[in-house]
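Student: Before I ask anything, here is the structure I am working with.
The values are calculated or read from the model by the stated rules, or taken from the named source; none is laboratory data. Computed from a predicted model, the values in this text were never measured in an experiment. Cβ atoms come from the backbone with ideal geometry, glycine included; neighbour counts cover every protein chain shown.
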Amino acid sequence: MNTILILAAFDIKDFIEKYDAVISYVFFIIIISLMIYNIVITQKMRKSSRPKPPEIIKEPMPITITITSDKPSLNINESSLISFALSSPSTDFTEKSIIVIGGEILNFSGSESFYSATFTPNDANLTSATIDVHPPLLKDPTEPLTIIITAEEPSPTIPESPPNKDLSPFINLKPPVGEKSPSVIFHTIRLEMNEIFIKARTKFDQGELGLIGSGAMYHRVLKLSQLNDFEKLTNKKITAFNESDKWYFIGDIHGDFLALHSIIEEIKKDPNFKICFLGDLVDRGPYDAECFALLLKTIMDNPGKIIWILGNHDEGIQKTNVDILNEKAYFSENLHSSLKEIQKCVPQFSSSVLPAEFLYWLNFDDPKVKKDRIFCGKLFCDIVSVLPRAILFPNGLLATHGGFPLSDRWDSLTSMDAFLHKRCLTDFTWNRAANKKKSLIAIAERPKQSSWEFGFDDLEKFCQKVKDLFPVKAVIRGHDHVKEGWENFDLYKTIPLLTLNSFGFNYLNNSLSEGQYKQNIVYYETSKDKILPDVRKLIPVDSNTHKEFYGQSSSL
């Protein structure tokens, strides 16, 4: 038995020695396989031990909305069309989704991403109405829509063509024969209008129109004493400025060519005249474009002698941006309107104020005059975009159209640049004066409304707050329509305030057809002894001259 075992051992030994390489290779394969197997098993065990990730629930994209109105302001019982453009289709948007303060919504209709309704104000005690939507539907809504309610001073119903407005092309006009009466000058201006606009466009683009304090290099709120510093930046000198200059002030004109021409002719009798026009050249009256042409001609003939301060009706005329209209979903794919189709039907110009007679004239759709009127409108918009909002004269006289920044901006007014805040600029142009002590200003509501009243106490506190930076001692302004064309409020004693209108029509009722023409046209000139202009100049209006312009409907 032992012998057999010994022989077997020798056989195994011989076998191993003989097949050593093969055995080593087999063992190597087995070891590698075991290692791979171990790695796979380990990975599986790790995966099985991990907790399952929470299920991700996709939130729907928030729906945003653009709320628009076809009218920025309404009288009580007037209506406007409200449009609701959703960023994506929704079946949850219903009439109950709309929040209305100060009026009621009727005739709600629409589908998917575009809806509309009719809004009518119903509360005469409110100065504005608000239209908003419930937050649950719209996760990221835009600001609510605010509509100004003008119950105290209703705007007239404006017909498709304004009354007394000559919409004929400016060609083949023959001026009447005779001496240079206002009527002759009027027809001459009409004949030269296109040439005046083309010349003004060239000068404006070259920065050489000749208006004082107007242009990209100037601040919109300016101390007259700073003009030299601004002009040094461009090496251009257009302002022959002396502290001893006699200034003539012209109030709102509102398309009254007879008034503007009469005042300019009287002022030009002084060879050293300087004019400060307080704004609102257009709207209400019948001859907006002619007034624009006359003012431009006077500016270009007398460079460096005229200031034009921005009025709210000047600012109101705006070039329509069709791209923005399309982008904001005023027109959706559901209406089957392409951008080119929209451009054909959308007017070239819009207005943020009413009444807006100049807007009707600019958008008059007649191929014979359309191109010229678009040229005129674009020139007007470009010029008013760089007009000053307020000018402070060296003696402390503040000339502006409306008012001054109200109390919620006072703490920020530490430099002249601070006056360029949008709220401040709006206050200078839009605010109205009241013959009382204190304005009741709801600061929280300020962003929703353009125009506010101020009292004499507000003015005194503003002047005290900025006395070192912007030392105001008196104010001359326009904007508010006053019965005699001028008014000094008796309560404004510490900082006197003068309101000036230079148009001849009685616009107290906002109506050209109902208003009577005044017997005198008013403008002011400065005196050496007073900060506030106190030399009131009256130009009597001849009834025959008046009838040449305005016919029998608005008699003296």
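Student: Checking LYS530 against (1) assigned to a loop (DSSP other than H, G, I, E, B); (2) closer than 20 Å to HIS254 by Cβ; (3) at pLDDT 85 or above: exactly one of these is not met. Which one?
Tutor: Going through (1) assigned to a loop (DSSP other than H, G, I, E, B); (2) closer than 20 Å to HIS254 by Cβ; (3) at pLDDT 85 or above one by one, LYS530 breaks only (2).
Student: Kindly provide the set of residues from region 298-315 that are part of a helix (DSSP H, G or I) and surrounded by fewer than 23 Cβ atoms within 10 Å (Cβ to Cβ), ordered by number.
Tutor: THR298, MET300, ASP301, ASN312
Student: Sticking with this structure for a sec: With the structure loaded, tell me whether GLU104 is more than 30 Å from PRO355 (Cα to Cα), modelled with pLDDT of 75 or more, surrounded by 10 or more Cβ atoms within 10 Å (Cβ to Cβ) and among the acidic types (Asp, Glu) or whether it fails that test.
Tutor: No: the conditions fail for GLU104.
Student: Does region 410-417 contain at least one residue that is exposed (fewer than 15 other Cβ atoms within 10 Å of the Cβ), part of a loop (DSSP other than H, G, I, E, B) and either at pLDDT below 95 or of a type in the set (Asp, Glu) (or both)?
Tutor: Within region 410-417 (the criterion being exposed (fewer than 15 other Cβ atoms within 10 Å of the Cβ), part of a loop (DSSP other than H, G, I, E, B) and either at pLDDT below 95 or of a type in the set (Asp, Glu) (or both)), the answer is yes, since at least one residue qualifies.
Student: Look through THR64, THR146 and report the one residue that is touching a Ser or Thr at 6+ places or on another chain (Cβ under 6 Å), modelled with pLDDT under 75, buried (at least 17 other Cβ atoms within 10 Å of the Cβ) and of a type outside the set (Phe, Trp, Tyr).
Tutor: The match here is THR146.
Student: While we're on this one: I'd like the full set of residues that are buried (at least 24 other Cβ atoms within 10 Å of the Cβ) and outside any strand (DSSP E or B), limited to region 396-409.
Tutor: HIS401, GLY402, GLY403, PHE404, PRO405
Student: Right, another one. Quick check: is even one residue across region 195-204 at pLDDT below 90 and either more than 23 Å from the chain's Cα centre (by Cα) or not polar (S, T, N, Q) (or both)?
Tutor: No, because not a single residue in region 195-204 is at pLDDT below 90 and either more than 23 Å from the chain's Cα centre (by Cα) or not polar (S, T, N, Q) (or both).
Student: Also, I was wondering about something else. Determine if region 377-387 includes at least one residue that is closer than 30 Å to THR494 by Cβ and either modelled with pLDDT of 90 or more or among the small types (Gly, Ala, Ser) (or both).
Tutor: The answer is yes, given that some residue of region 377-387 is closer than 30 Å to THR494 by Cβ and either modelled with pLDDT of 90 or more or among the small types (Gly, Ala, Ser) (or both).
Student: Which of the residues belonging to region 250-297 are assigned to a helix (DSSP H, G or I), of a type in the set (Phe, Trp, Tyr) and at pLDDT 95 or above?
Tutor: PHE292
Student: Of all residues in region 353-395, which are in a loop (DSSP other than H, G, I, E, B), acidic (Asp, Glu) and within 23 Å of LYS297 (Cβ to Cβ)?
Tutor: none
Student: Pairs needed: first member in region 190-216, within 28 Å of VAL369 (Cα to Cα); second member anywhere, part of a helix (DSSP H, G or I) and of a type in the set (Gly, Ala, Ser); C-beta distance under 6 Å; at least 6 residues apart or different chains.
Tutor: These pairs meet every condition: MET193/ALA293; ILE196/ALA293.
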